[in-house]
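One structure is given below, encoded as structure tokens.
The values are calculated or read from the model by the stated rules, or taken from the named source; none is laboratory data. Just so it is clear, the structure is predicted and the values come from calculations on it, not from any experiment. Cβ coordinates were reconstructed from backbone atoms using ideal geometry, including for glycine residues, and neighbour counts include every protein chain displayed. With ligands, DNA and RNA removed, areas are computed over all heavy atoms of the protein, side chains included. Shrake-Rupley method; radii C 1.70, N 1.55, O 1.52, S 1.80 Å.
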Amino acid sequence: MMEKMIIGRYIPVESPLHRMDPRAKLMIVFLFVCIVFLANNAITYGILAVYTFLMVFASKVPFRYIMGGLKIVFWLILFTMILHLFLTKEGDILFQWGWFTVYEGGLRQGIFISMRFFLLILMTSLLTLTTTPIEITDGLEELLGPLKKFKFPVHELALMMSISLRFIPTLMDETDKIMKAQTARGVDFSGGTIKERINSIIPLLIPLFISSFKRAEELAVAMEARGYRGGEGRTKYRLLQWSLLDTGMLILLALVTLLLAVFRM
Amino acid sequence: MDISLQQVEYRYQVNSPFEHLALEDVSIDIPSGTYLAIIGHTGSGKSTILQHLNAILKPTKGKVIIGDQEVTNAKKQKNLKSIRKKVGIVFQFPEHQLFEETVEKDICFGPMNFGVSESEAKRRAREAILQVGLSEEILAKSPFDLSGGQMRRVAIAGVLAMEPDVIVLDEPTAGLDPRGRKEIMDMFYRLHKDRNLSTILVTHSMEDAALYADQIVVMHQGKVFKKGSPREIFQSPVGLMELGLDVPEVVRFQNKLEDTFHVKFSKTCVTLEELTEEIHRLFKKVGELT
Ligand SMILES: Nc1ncnc2c1ncn2[C@@H]1O[C@H](COP(=O)(O)OP(=O)(O)O)[C@@H](O)[C@H]1O
Ligand SMILES: [Mg+2]
């Protein structure tokens, strides 16, 4: 029932994006989040879209699969779009229907903002789809390493993140199982009045919380039993390897940034 | 209530890189009152079959007929709840589904979802808790203060209180101690006989399959490998061994006995009682000869 969600899922296929250094991917996603805000007209949004779809293509993750997994996000995007149609009152009137008026500016804003949102989600999803949680954590820890000088708990933060990411799919599976078990006991998760729906959440959430707490405790015990005592002096089994591909990808993004700067209004 | 699976195919996560063909061309008939055991290796599709028996999963191809209702891949189907009322499933590790403040409330949850009144549900809770071998005092406790074995029994009571016509059990005794196992399996068998239920049991214990079931289905890689009575299934251990499955200890013992003493029993014995009788008969025959 929950198996379609792709947020936090890693897809093990062979692709250039999978081969990249996680540090490079993290840098790219971070930069992308910044430069998305440079786009302000059709050409610049077009450039961003082409770049993003190039990345999707390079990831070798089937496009239809990604779209299927982002269904919930589409509703959010649609909502943003409609909000803009209603609230932005600039430019010429495109059409009028009773008290409902659509301005040209509203339509444009709606499309642009939804697109910005969509591209951001797509790029960040690509990161988790092509990078294992462990890699993401290692990458982050390395990138944030300099902050350790300022007593910033980099290692602890990275560990917390990797554990959360690691357990998202587990939690999804668990949710699926408990939903099935409660469905067999007569709960209807997919229909009913709003009140019935809210009531049906309790038999789902309580077992989930309980198993999560139990799991956290077991994990803590297992880590201590294997001698974990924090990041101090810990060496690494996996070493990150920066390659030409990574440099190339960063240069590509730099070019995209340049293009954006040139073509924006 | 008769249940019938007809050429059922099931694919998990269709249209994704994780798409997985879990069942292929599975046809099984379960006439009312049958005790059916499903055996097979981990991952052979046993739990997937069980979830078809009350329309939690719908076949991607083929159909499942439950009583007078047909479940297919069609988009909208009504009255699934009435199916679920009649077919109770005890999932693997059912103790994970407990959530109420008290044991009594948790057991009443299922029946009340299906429209049973509170007083009737409470009566059933009391009956069910005794059936699973716990005492009435437990009803007032929190399910999370119980031991693992007690939680399992409470969860089972929650399904029994729905008073289904068909009981579906997914490895109900996994992780219990030997005595608890036997108690629970005997309890299900008694219920099966007393209430004339259909029972479908997934198990890794060949002994349980041989002892309780009328019919056995052997699953292998999503397909039905073999079906028949326990005797038919365990007659030729070779095929089962190839699948990494075993035959009951009793059958193994009989085969060894036959090999060592070059005798042949009149039939494959699947329970201890049968084997004892056969050996007794053999001794008598040997006694007469000498
Ligand atoms: N939610 C799921 N998504 C993808 N594959 C699944 C899912 N659930 C089960 N499977 C796969 O389907 C096959 C059959 O599973 P299952 O019916 O649980 O087997 P069994 O109960 O016999 O151990 C297994 O290979 C399993 O990996
Ligand atoms: Mg199973």
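Sorted largest first by accessible area at a 1.4 angstrom probe radius, with every protein chain in place, the residues B:Leu176, B:Leu169, B:Leu130 fall in the order B:Leu130, B:Leu176, B:Leu169. On a per residue basis, the convex hull of the C-alpha atoms belonging to chain B measures out at 152 Å³.
Trypsin sites (Lys or Arg not before Pro), restricted to segment B:23-110: which are DSSP loop and have at most 12 other Cβ atoms within 10 Å? Could you put the intermediate results ahead of the total?
Numbers: sites: B:Lys46, B:Lys61, B:Lys63, B:Lys75, B:Lys76, B:Lys78, B:Lys81, B:Arg84, B:Lys85, B:Lys86, B:Lys105; in loops: B:Lys75, B:Lys76, B:Lys78.
When the trypsin sites (Lys or Arg not before Pro) of segment B:23-110 are filtered for loop state and at most 12 Cβ neighbours within 10 Å, B:Lys75, B:Lys76, B:Lys78 remain.
Counting only residues at least eight positions apart within a chain, or on another chain, the aspartates and glutamates with an alpha carbon under 16 Å from that of B:Lys284 are B:Glu274. The modelled label-to-label distance for the pair B:Ser135/A:Met161, using points 7 Å beyond Cα in the direction of Cβ, is 5.5 nm.
The label-point distance for A:Glu232 and A:Ala216, in a model that sets each label 7 Å from Cα toward Cβ, rounds to 2.5 nm. Estimated from helical segments only, the mean residue ellipticity of chain B at 222 nm is -12500 deg cm²/dmol, where each DSSP H run of four or more residues counts as -39500 (n - 2.57). Estimated from the Cβ-Cβ distance and a Förster radius of 45 angstrom, the FRET efficiency linking A:Val73 and B:Arg123 is about 0.40.
Legend: Rg and Dmax of the protein assembly as shown, from Cα coordinates, 30.1, 115 Å.
Normalised by residue count, segment B:145-290 yields a Cα convex hull volume of 145 Å³ per residue. Note down the Stokes-Einstein diffusion coefficient of chain A in µm²/s, whole number, using a Kirkwood radius over alpha carbon pairs, 25 °C, and 0.890 mPa s. Estimated via Stokes-Einstein, D reaches 112 µm²/s. Per residue of B:90-101, other chain Cβ atoms within 10 Å of the residue Cβ number 5 on average. The C-alpha atoms of segment B:248-290 occupy a region whose extents along the principal axes are 33, 20, 13 Å, arranged from largest to smallest.
Among the chymotrypsin sites (Phe, Trp or Tyr not before Pro) in segment A:48-110, those located in a DSSP loop and surrounded by at most 15 other Cβ atoms within 10 Å of their own Cβ are A:Trp99.
Per-residue mean of foreign Cβ neighbours for A:9-16 is 1 (Cβ atoms of other chains, 10 Å radius). Distance between the 7 Å Cα→Cβ label points at B:Gln235 and A:Asp173: 4.0 nm. The loop-placed chymotrypsin sites (Phe, Trp or Tyr not before Pro) in segment A:208-265, going by DSSP, that have at most 11 neighbouring Cβ atoms within 10 Å of their Cβ come out as A:Tyr237, A:Trp242. Calculated mean residue ellipticity, 222 nm, chain A: -23500 deg cm²/dmol, from DSSP H runs (n ≥ 4) at -39500 (n - 2.57) each, averaged per residue and rounded to 500.
In chain B, the longest principal axis of the Cα atoms and the axis of helix B:148-160 are about 70 degrees apart. Hey, which of these cross-link pairs are over 20 Å Cα-Cα: A:Lys180/B:Lys46; B:Lys46/B:Lys226; B:Lys58/B:Lys223? In this structure, not one pair exceeds 20 Å between Cα atoms. Need one word for segment B:1-89: rounded, prolate or oblate. Basis is the Cα gyration tensor (sqrt eigenvalues a ≥ b ≥ c); a/c below 1.5 gives rounded, then a/b vs b/c decides. It is oblate, given that a/c is not under 1.5 and a/b is not larger than b/c.
Determine the shape class of segment A:151-265: with a ≥ b ≥ c the square roots of the Cα gyration tensor eigenvalues, call it rounded for a/c under 1.5, and otherwise prolate if a/b is greater than b/c, oblate otherwise. Note, shape of segment A:151-265 comes out oblate.
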